[in-house]
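S.K.: Take this structure first; my questions come after.
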């Protein structure tokens, strides 16, 4: 290879598209309009159970990483039963185990993230300042290099601490949110008083969770909701039994609940005495109490992308971007149908508002898919885990690099996928996830111009072209269009034929060069009559052109497949 010549970059292998699984459960919420007495009783109950739940969690952390049979859950449950009840004790020990396992997984993820960042910095430190060796760039100057050496020491120390916690099996857990603890030292910046912060802290440390139990009255004995009148009764622990206002040590709330959302599903479970879990949540910012009901659902068998292709369905390709969603309908042959659509997503402000705006954008996508007869939606399987871990080292420097890193960190990839999965499933739609490699680049290269030629009133962007590429990949088609199909010819443009041909295997070395309109065709693969170089389908020898006559259209008639030209 000549000196200075660029080495051709190999394309990475693409993952196979897959159907996103349906949600494994359901969760609904209704407001509890409590009186002052009821609110005081629930606060006292939550503080009592929350104290014992924190004690049990600390005991579980002391045990470390042990087998399930050695976590001493039975002993811990017997000790908790003396100060609460058997069912409250079971819910507390189960929550402690779940929290411990979740914290361990977070430690493993943090270790992997730190290792990626450290490896990237070491690679760049091995290259001289301003140089480039093997595709790895060195740092710009000695000042930046010294800064990165200091950062390497900090990350190495953090990694040592994480590995020590993993080895000991003692993750750091803050009941009530670590972020809220840090806010205590910056009350002025958070615009909170000490009393307001204390109210939020105490509300976050309440424990009011009751696991469901199949066969129990209305699916839950500890927190029971009567489907007839919506009354809520709660079993009080032994030390608080003197506060009961109902038989068998229970407390009945003065308010009722209705559960308007998915009420029929909830009624089917509680009337059949199937397990339903209840959580009582306090929101001190709004001064409200809520009751959440959740249960597991059956896992449906969804069709695979290959099965969807056989049935000949339409999909709505969606490209997730910062500030908007680009979407375009793609038919079974990979052709874009209609004009592409842009759905804005303003994900700024409080978390509750961001979630509401994201749900509104997904609702618009679902309505668009139903209006165009689509069976499902196609999205990219985005993660950005590695990008977020090594972003400061690989995404550029200065103001431009910082802006790009902030954009990547602001894309709600996981939240968008989870919200879309649940909402699309309830709407009867299927979600297909594809590999995101090269969708933006190849989409802009092969589909931006044809889309703009097809759409007269919409300004087509590269994101719209990427949505077409995503939809085609979900249906098993290649992103590249066949050369010379959609040309600047009125007859072909009206016919709307695009490069959706299915690739056919050929022997090596027999591929013909790309053919463009007007190029003489010497073979018999697409045309039997050399007098017409643009005909894609066989023309009878008996049909001859005469001066002044119009040649019949050679495009596919109704019922033909554009892929093969055969009758459906």
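S.K.: Within the stretch 129-140, which residues are free of Cβ contacts under 8 Å to residues at least 60 places away in the same chain and surrounded by 11 or more Cβ atoms within 10 Å (Cβ to Cβ)?
M.R.: Passing the criteria: 129, 130, 133, 136, 137, 138, 139.
S.K.: Would you point out which residue out of 365, 291 is touching a residue at least 24 places away in the same chain (Cβ under 8 Å), in the same structural domain as residue 415 (by TED's automatic domain parsing) and surrounded by 13 or more Cβ atoms within 10 Å (Cβ to Cβ)?
M.R.: Of the residues listed, the single one that is touching a residue at least 24 places away in the same chain (Cβ under 8 Å), in the same structural domain as residue 415 (by TED's automatic domain parsing) and surrounded by 13 or more Cβ atoms within 10 Å (Cβ to Cβ) is 365.
S.K.: Pick out the one residue from 83, 55 that is over 26 Å from the mean Cα position of the chain (by Cα) and not in a helix (DSSP H, G or I).
M.R.: Residue meeting the stated conditions: 83.
S.K.: Confirm whether residue 178 is surrounded by 12 or more Cβ atoms within 10 Å (Cβ to Cβ), under 23 Å from residue 55 (Cα atoms), free of Cβ contacts under 8 Å to residues at least 60 places away in the same chain and out of contact with any helix residue (DSSP H, G or I) (no Cβ under 8 Å at 6 or more places or on another chain).
M.R.: no
S.K.: Continuing with this model, one more query. Does the stretch 284-294 hold any residues that are at pLDDT 95 or above and touching a helix residue (DSSP H, G or I) at 6+ places or on another chain (Cβ under 8 Å), and which are they?
M.R.: Of everything in the stretch 284-294, those that are at pLDDT 95 or above and touching a helix residue (DSSP H, G or I) at 6+ places or on another chain (Cβ under 8 Å) turn out to be 289, 293.
S.K.: Assess whether residue 170 counts as being in the same structural domain as residue 103 (by TED's automatic domain parsing) and either in a loop (DSSP other than H, G, I, E, B) or surrounded by 15 or more Cβ atoms within 10 Å (Cβ to Cβ) (or both).
M.R.: It is true that residue 170 is in the same structural domain as residue 103 (by TED's automatic domain parsing) and either in a loop (DSSP other than H, G, I, E, B) or surrounded by 15 or more Cβ atoms within 10 Å (Cβ to Cβ) (or both).
S.K.: Moving on to the next point. Of the residues 296, 327, 322, only one is within 30 Å of residue 475 (Cα to Cα), in contact (Cβ under 8 Å) with a residue 60 or more places away in the chain and surrounded by fewer than 16 Cβ atoms within 10 Å (Cβ to Cβ); which?
M.R.: Among 296, 327, 322, only 322 is within 30 Å of residue 475 (Cα to Cα), in contact (Cβ under 8 Å) with a residue 60 or more places away in the chain and surrounded by fewer than 16 Cβ atoms within 10 Å (Cβ to Cβ).
S.K.: Quick one: how many residues across the stretch 429-459 are outside any helix (DSSP H, G or I), over 18 Å from the mean Cα position of the chain (by Cα) and more than 12 Å from residue 479 (Cα to Cα)?
M.R.: Adding up the residues that qualify gives 5.
S.K.: Taking residue 65, is it over 19 Å from residue 210 (Cβ atoms), at pLDDT below 95 and outside any helix (DSSP H, G or I)?
M.R.: For residue 65, the condition - over 19 Å from residue 210 (Cβ atoms), at pLDDT below 95 and outside any helix (DSSP H, G or I) - is met.
The values are calculated or read from the model by the stated rules, or taken from the named source; none is laboratory data. Source: prediction; values computed, not measured. Cβ: placed from backbone, ideal geometry, glycine included. Neighbour counts: every protein chain shown.
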